[in-house]
Every structure is written in structure tokens, then in C-alpha cells.
Amino acid sequence: MLRLRLLFGLLTLTFLLWGVGAASLLLMRDSGNKIEGQLLADYTIIDASQTFRTLISTANNRYLPTLLGPPPDPPLEGTIFREIRTQMLAQRDIIQNGSRALGPRSDGALARFNQELNVYFEEYGRLLDGTALTQDERHDLLRSLTGHSHTLVLVADNLTNLAEQNLFMGASSMREEARKNRLFIVTLTLLGSAIAVLIYLQLVRHLVDPVAGLRQSIDEVRKGNFELTIPEPGHGSEFAAVVSAFNDMASELKVRRRQDDENLIRANLVNRAILTAIPSPVFILADDDGIVQINPAAEELAESLGVSGRLPLKIQRVVDQCRKDDTHYLPEDPREAILFRIDEQEYYYLPRIFRFLSEDGSRSGWAVLLHNVSRIRWLDDMKTNLLSTVSHEIKTPLTGIRMVLHLLLEERSGTLDEMQRMMVASASDDCERLLSTLNTLLDLSRAESGATHLERVPVTFESCIDRATQLLAKAAAAKNLELRKELPNELLPEISADPVRLDEVINNLVSNAIKHSPPAGRITLRVSTQDSELLRLSVIDQGPGVPEGSQSRLFERFFRAPGQKVDGVGLGLFISREIMRAHDGRIGLSERSGNQTEFFIDVPIA
């Protein structure tokens, strides 16, 4: 139906244009024909009158002078006059034919013109016939021809004046007719414009208004107003299907929105239940740092700290650093917990901060979990204090026992037999081993309490390696092991470290390598540049390596891999890790390559 309306409107406009154009062309053609006919008729009369006057003048100039004298001998030849007479009659006919356009005004002039012309021809007949023989007759004939010639000229001039007047009147008539034509064309144009406006209004009503209404409805739907419906258009409108489809879409969107709201409420309740079930404070953050959701434990903590509606400042600093580095913060050591004082009591919370993404990756956020490790810290501190106290209490009498055993071995109190000497030497070895274990436990307690004191100075890895190889050369020679040092060709920078504590770490790694290397093997101490801030020392042995299941727990306290045949309490690598942490460095195990096991330490460049 809409196509038919458009087609009808376009055809109507086309017909109007063609009609106005055709009417204009017809009027212009009729006006042109009338003007052309009028001009032709008037011009014909004027031209014929002028020609007639010329013919009269020619005839008179040729024949009238002969009347002044005696009759010529021989008589006048009439051939020229007959030709002039024929032309005069022809011009008379032209004037008579053209005088119809002059109307009744020319009837009297034409009658007189014909009368005088007939007399004029008769007088010339007398002249040419030679009937006027006397001089008086010739003078009378001359006067008569002259008078009739003058009368004919006057009548011709009168007809010319009538033709000119008719020409001017025709011009006025043409102007009036042109004005009427213009009025007619303007009327047609206005009528066509009115019809075009009506067609436009119809098209607007049937086409533009529904489209505008549909656009407004779409804007309302985009704003979430799914209750809006568009009124059904009239019967036969092509927009009926569109309006019906739009209303169906709005109804479907309303149903889906209700379902989405229900799903969102359900998901929110589930999330709320899950967060409520988590005893630790949980903060869900948006990418713009705003808090999206928190659980009751987080609300209680925020209220206790007086920071309702936002993160505690200590946690906010860690979150800002994670955002800046775009990394997770997942510490495991309770000693990295953050202290909060609530109601004059100390509480330690270990923050775990990680970023999460939606399934399509279009949205993201951050989650902050504060794990309360106050009890763990208290137990750990109590264990460390107990360990330190017990170690100190045992070390004092053990030192006395060690001194007594040394005095016995020196036989200052008397001579020992072979059995006694063997028993005292065994007790002395056990005492030394126990004393070494106590010293290790004391180092552990100091490391766990954060009391590891460093005196960092610029040193070189080469000097540290030299001291370690000199100290452990005998132990390596006992197993026929080669201690090899590998340094790069370029000059290495100095590192910032405590030489004593760093030597302790290097000696521990080299000692472990000696313990786990097969006889006649090789231990390589390799120095390399890790990056612009760290220098790496790798200790590479040819031992069996660390079992894959034990690698993740290798640096835990008191951990020993299953199947170990070497003596130890499992504290060496843990203490080494704490010393490297105090140096702002790191220690680790590289992936096994071939039959080589590589431990490494990274130390900051001075």
C-alpha cells in the first residue's frame, strides 16, 4: 500500500509538471501565432501601400509629363503601364486580403480606394488611347490623373495608418493576453503546488510520522521503557507489520528483562550467600577502584577501622601497586601479613589480591581477601620464642659438656684406655653435631623474627666463590670432586651484600652439591648477568636432582626430600631463602637439564 501511495504521489506530481508545462507551451504557441498573424497582416498592408505609392509614382513619372505638350507622334506605348497596372491590381488584392484584419474601419477606405483606382485606370486609358487631342483636354486629363493619384496615395496612407494603429492595438491586446496567460500559468502553478502540498502531507502522515514515532519508541526502549507500545496504524498500512513486530519485540524484551532481573537477583543472593559464608573479609572492586560488593566480615572490619565504604589505607596502597604493575598479590608467608589495631588489640591480616575477568573479557575487576592470620602469627611467634629459649638453655650446658669432653680427650685428668677414648670421642662428635644443630635453630629463630642484620657493602662474586672453594676444598677432595669456576669475559659489576651472610648461602649451596654429587663428578660455580639490576650465581652439580614432587616444598623449614641418606635437619635452604630475602634478592631451583641440577641466587648490583 505504501508503494502505491508513493507511486501515486510521484505520478501526480509528474502529471502536474507536464500539465503546467504543456499549458504554458500551448499558450505561448497560440500567442506567438496570433502575434505572427497580426504582424504579418499589418505588415502586408503597410508594405502593399508603400509599393502601391511607388507604382503610382512610377506611372506618373513615366506618362504624365507627356500631357504637358502636344500629343506625341507616334502614340504612347502602353506596355509599361499595363505591367504597372497588373502590379497595382496585385497590391490592391493584397491590401483587400489584409484589410480583413483591420475590421469594419477599413471598409470605407477600401471602397473609396477601389473607386478612385477604377477612375485612375479609366483616365490612363484615355491617355493611352489618344482620345485627348486638344491641349485643354490634355491639361484637364493631367489635372484629373494628378488628383486621382493624390487621392489614391491619401487612401493608401490612410490604410497604412489603420494598419499601424491595428498593430499598436494588437500589441496592447497581446500584452493583455500575455497577462491572462501568466495569470493562468500562475494559477496552474499554485494549484499544482497545493496538490503537491496535499500529497506531501499525505506522505508525511502515512510515511514520515510512523517512522518518527518508531524512532521515538526505539529511543524509549533503549532507555529501558519496555512498557511502551505503538498504536496500530490504519488498515492497509505497510507499517502495520513493523508496528506489530516492534510491539512483540518490546513485550519479549520486557519478559527477558524480568527474567534477567530475576537471574541477577538470584545471582546476587548466591554471591551474597557465598561471601557471607566466607569468614575472612572480602572486597570486590571495579576497575575504577569503586567497591562493588563486600561481605559482612569486611563490613565489620571497615566499621571497626572507621573506614566504611572504602578500603583500609594499608590495603589500598597494595591494591594501587597491583593495578600499576597489573599483577596479582598472593603471599603465602604469614610474616607478610598487615597489622591492624582494633580496640587496642593487634590483628594480622594476610592480603590476597587478584584480578578477574568476565567470560567474554569485556569486564574486569579486583578481589581482595584478607585472611586473618593473627593466631598463626601468635603460634609462630610462640614457637620461635620457645625454640630460641630452648636452644639458648640447651646451648649453655652443652658448651660445658663439650669443654669437659675436650679436656678428657686431652687426658689432662688421667690416661684413657682405647675403649674410653673411643667412647669420649664419639660423645664429643655427637656434642659438636648437637651444637651445630642448636646454632642452626638459633639462626632459624633470628630469621623468623626478622632479626637478620645485614652489613651490606660492595663485594664481588669472584671473591665469594674463592672463599667458598677454599673452605670446602677438603670436602670436595674427599669425594674426588672438581670445583670449577666459570666467569664471563667482560668485567662484572660489584654486588651489594653482607659478605658473611652471603658466604653462608654460597657455602650451603656448594656443601649440598658436594653431598649429593657422585664421586669423581664436577661442581660448577657460574656467574652471569641476569638483568640490569641483578647478578646471578649458579651452583651446578651432577647429582640425581630433586624429585619433582618435592620441588615446591624445597625451601620450607625442616623439609627433607624422601629417601635422603645425607645428614641434616632441613633448615639450610630455608635460612638461605631468608637471607636472600633480606638482601632483596632471590634463590631458586632451575629446571633440570640433562644430568645437571642447578641452584641459583640473584643478588642486586651495587
With K314 itself left out, Lys, Arg at +1 and Asp, Glu at -1 over residues whose Cβ is under 15 Å from its Cβ give +1
For N489, the net charge from surrounding residues (Cβ-Cβ under 14 Å; K, R +1; D, E -1) works out to -1
Here the net charge surrounding L537, from other residues whose Cβ is less than 11 Å away from its Cβ (Lys, Arg +1; Asp, Glu -1), is -1
To the nearest 0.05, the calculated FRET efficiency linking M423 and A475 through their beta-carbon distance, R0 being 41 Å, is 0.95
Here the FRET efficiency for E344 versus I401, based on Cβ atoms and R0 = 60 Å and rounded to 0.05, is 0.80
Nearest-0.05 FRET efficiency for L201 and N247 at R0 = 22 Å, using Cβ-Cβ distance, is 0.25
Heavy-atom accessible area per residue of the range 250-300, all protein chains kept, 1.4 Å probe, expressed in Å², is 65
Sorted by accessible surface (1.4 Å probe, heavy atoms of the protein chains only), largest first, Y200, Y124 come out as Y200, Y124
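The values are calculated or read from the model by the stated rules, or taken from the named source; none is laboratory data. The model shown is predicted, which means the values in this text are computed figures rather than measured ones. Reconstructed Cβ throughout: ideal geometry from the backbone, glycine too, with neighbour counts over all protein chains shown. What goes into the accessible areas is simple: the full protein's heavy atoms, side chains included, and nothing from ligands, DNA or RNA. Shrake-Rupley method; radii C 1.70, N 1.55, O 1.52, S 1.80 Å.
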